[in-house]
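**Q** Input: one structure, supplied below.
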Amino acid sequence: MVKHQPLQVYERQLCLSCITGIYGCRWKRYQRSHDDTTKWELLWSLILLFTFSLLLVWSYFWWEADNDYNEFNWFLYNHSGEWTDGTVPILATTAAGFTYVAFLMVLALCHVALGQQLNLHWLHKIGVTAALLTTVVGIISVSQTWGQEWDVIPISLQATGPFLHVGALAAATALSWIVAGQVARAEKTIFQVVVVLLYLSVLLGLYVLPFYITSPCIMDPSTLKPRPEVFGHQGAPVLAPENTLWSFQRALQMNVTGLEADVTISVDGVPFLMHDVTLRRTTDVEKVFPDRERNEASQFNWTDLQQLNAGQWFLKDDPFWTVNTMSLQEKNLTAKQSVCSLEQLLKLASYHNSTVVFRLRRPPPEHPCYTTWINDTLEAVQDSGVLQNLVMWTPDDERAQVKQLAPGFIQTSLVKRSPEYLHRSGISRLLLRYNQVSTSEIIDYSRNNISLTLYTVNEPWLYSVLWCSGVSSVSSEVPHILRKVPYPTWLLRPNEYCLMWVSADLISFAVVIGIFILQ
């Protein structure tokens, strides 16, 4: 009598097929395996993890560097001679690369959770390698051309650190399910011990991390200093062409307390406002003086400069994507802007009782005003009729003479000095980039009655951190945005923060213990 074996029926495992199929192109049941992952594939898993970590830092860097995108584009302009928004392709490729690698990481974790053998497909290996190399090249390039921007990471962590800690703790707690599963399925005691110790070390590190997290926004609200004053850096260059009268008028409409400008001296000794060395980017010099478009701005006389249009480039290039928000009247005003003289700016500031700070660029040695540049500028300031206590004087050259001729000027340094040196030199104010001073130095300067103005502060989170640090004023390209920040974005009392992270630690610990017991 023939005995018939019943056919074995396999349930469809669509989810598992998708996970193993997308990760390693193993769509069929017979292609999958529960065997240990080979050393070669373990190496690729480590490469994938390293690439993910590197891309995570790279993505975070560019997310927080949003404050300085305009500065980055200006660096690119100095190297290429053409104005383009170089952040767009960088952000697009970074987002695409991080999404791709993060997706592979999730699939790899799913393999581990399901006990499947890791076997990354060769096409993914090429993709991960490309993402890794591209990120490394990007990091090296930024370090060489824009190295100072790396400081944005520790500064931004003062604003995001407490919340990133909670997010990292949540992620580590969620991983306990996979770790506990691996320990429960493992046959070797040594493997179990190593995995548990490694995981607990990471978890313990996260539990005590708040001891090393510092932020000026963790403070008693009653000790919060007054809101920092806002200076219009080149006016309001996001809303109007930089360093033009219309740009400064727009800044004054946003209730700024001061104006900041860049000053160059013409061949005939007239100080005028210009940020770049040449006139190519912000005027129509290639149209009016095509044979002189690459000449330095200081090689033009004031009569020639008055023939140039300094607004049409803004409407044409739309560098900040704000032209479509302008009314027809605003567009007409923008199109009619011309090169602005320092005297015109000072008269505007005097009318509105606003402080003015300007960076004065010394002409080249062959320039007629090379030796008289300080006197020419001082004469223009005096001719404008502006009150001396509204002028922040920054040049170090001939400062003693300027103090005698204009004792009411607010003597300001562009170089970081000790409070003792500043007092000896009669300097009462510092104008520095926001990454040049720490919170402790800000407090030290404040105690010694040295006022700090930090530039360029465009993001509310950075403005809030500096506010909590005690900075008296900032210079911004977006006064219309900072105008909407009446209070720091977040403020926690020390006991509130302590309660927050201790509660998070206890909840995490309870969940991890429960998961290990359940597994």
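The values are calculated or read from the model by the stated rules, or taken from the named source; none is laboratory data. For clarity, every value in this text was computed on a predicted model and none was experimentally measured. Ideal geometry is used to build each Cβ from the backbone, glycine not excepted, and the neighbour counts take in all protein chains shown. Heavy atoms of the whole protein, side chains included, go into the accessibility calculation; ligands, DNA and RNA do not. Shrake-Rupley method; radii C 1.70, N 1.55, O 1.52, S 1.80 Å.
**Q** Give the total of Lys-Lys pairs in the stretch 282-410 with Cα-Cα distances below 28 Å; include a pair only if its members are 8 or more places apart or on different chains.
**A** On the way: Lys287/Lys316; Lys287/Lys331; Lys287/Lys336; Lys316/Lys331; Lys316/Lys336; Lys331/Lys347; Lys336/Lys347; Lys347/Lys403.
Value for the stretch 282-410: 8.
**Q** Straight-line reach from Lys188: which lysines fall under 26 Å, measuring Cα to Cα and dropping same-chain residues less than 8 apart?
**A** Lys39
**Q** Within the stretch 163-177, find all residues whose amide N lies under 14 Å from a label point positioned 7 Å from the Cα of Trp63 along Cα-to-beta-carbon.
**A** 163-169, 171
**Q** Antiparallel as a % of all DSSP beta bridges within the chain, to the nearest 5? Write down the numbers at each step before the final one.
**A** Numbers: 6 of 33 bridges.
For the chain, the DSSP antiparallel bridge percentage is about 20.
**Q** Sticking with this one: Taking the Cα centroid of the stretch 323-339 and of the stretch 437-459, what is the distance between the two, rounded to the nearest whole Å?
**A** 36
**Q** How big is the stretch 262-360 along each principal axis, measuring the range of its Cα positions in Å and listing the largest first?
**A** 40, 38, 20
**Q** Using alpha carbons only, how many degrees (0 to 90, rounded to 10) separate the axis of helix 342-352 from the longest principal axis of the chain?
**A** 80
**Q** Mind jotting down the distance between the C-alpha centroids of the stretch 225-247 and the stretch 403-430, whole Å?
**A** Value for the Cα centre distance between the two parts: 24 Å.
**Q** While we're looking at this one, here's another question. Simple spin-label model, 7 Å along Cα-to-Cβ: Lys347 to Ser53 in nm?
**A** About 6.2 nm, to one decimal.
**Q** Using amide H atoms built in the peptide plane, which far-off residues or other-chain residues are under 5 Å from Leu279 H to H?
**A** For Leu279, the qualifying residues are Ala297.
**Q** For Lys225, give me every one of the lysines with a C-alpha distance below 19 angstrom, ignoring sequence neighbours fewer than eight places off in its own chain.
**A** List returned: Lys484.
**Q** As I understand it, the value is the acute angle between the Cα axis of helix 460-469 and the longest principal axis of the Cα atoms of the chain; what does it come to in degrees, rounded to 10?
**A** It is inclined by approximately 80 degrees.
**Q** Using only alpha carbon pairs under 8 Å that are at least six residues apart, calculate the relative contact order of the stretch 51-203 and give it in whole percent. Write down the numbers at each step before the final one.
**A** Working: 76 pairs, mean separation 42.8, N = 153.
Averaging sequence separation for qualifying contacts and normalising by length gives 28 percent for the stretch 51-203.
**Q** Let me ask something additional. Can you compute the FRET efficiency between Asn324 and Ala95 using 1/(1 + (r/R0)^6), with r the Cβ-Cβ distance and R0 = 25 Å? Round to the nearest 0.05. Walk me through the numbers on the way to the answer.
**A** Details: r = 24 Å, r/R0 = 0.96.
Plugging the Cβ-Cβ distance into 1/(1 + (r/R0)^6) gives 0.55.
**Q** Further question: Under 8 Å for C-alpha pairs, at least 6 residues apart: give me the relative contact order for the stretch 227-331, rounded to a whole percent. Working shown, then result.
**A** Values: 154 pairs, mean separation 23.8, N = 105.
Averaging sequence separation for qualifying contacts and normalising by length gives 23 percent for the stretch 227-331.
**Q** Given a 1.4 Å probe and every protein chain left where it sits, what share in percent of the accessible area of the chain is carbon and sulfur?
**A** Working: 16210 of 26390 Å².
So the carbon and sulfur contribution to the accessible surface is 61 percent.
**Q** Between 0 and 90 degrees, rounded to the nearest ten: what's the tilt of helix 494-518 against the longest Cα principal axis of the chain?
**A** The angle comes out at about 20 degrees.
**Q** Once fully extended, how much extra length lies between Thr38 and Asp291, figured as 0.36 nm per residue of separation less the alpha-carbon to alpha-carbon distance? Don't skip to the answer; put the middle values down first.
**A** Values: separation 253, 0.36 × 253 = 91.08 nm, distance 6.75 nm.
Taking 0.36 nm per residue and subtracting the Cα distance, the gain is 84.3 nm.
**Q** In whole Å, what are the Cα extents of the chain along the three principal axes, biggest one first?
**A** Principal extents (largest minus smallest coordinate, Cα): 119, 55, 42 Å.
**Q** R0 = 56 Å: FRET efficiency of Ala400 with Leu123, Cβ-based, nearest 0.05? Show your work: numbers first, answer last.
**A** Values: r = 70 Å, r/R0 = 1.25.
Taking R0 as 56 Å, the efficiency between Ala400 and Leu123 is 0.20.
**Q** Continuing with this model, one more query. By how many nm would the segment from Tyr421 to Asn435 grow when fully extended, if each residue of separation counts as 0.36 nm and the alpha-carbon distance is taken off? Mind showing how you got there, number by number?
**A** Working: separation 14, 0.36 × 14 = 5.04 nm, distance 2.08 nm.
Full extension from Tyr421 to Asn435 adds 3.0 nm.
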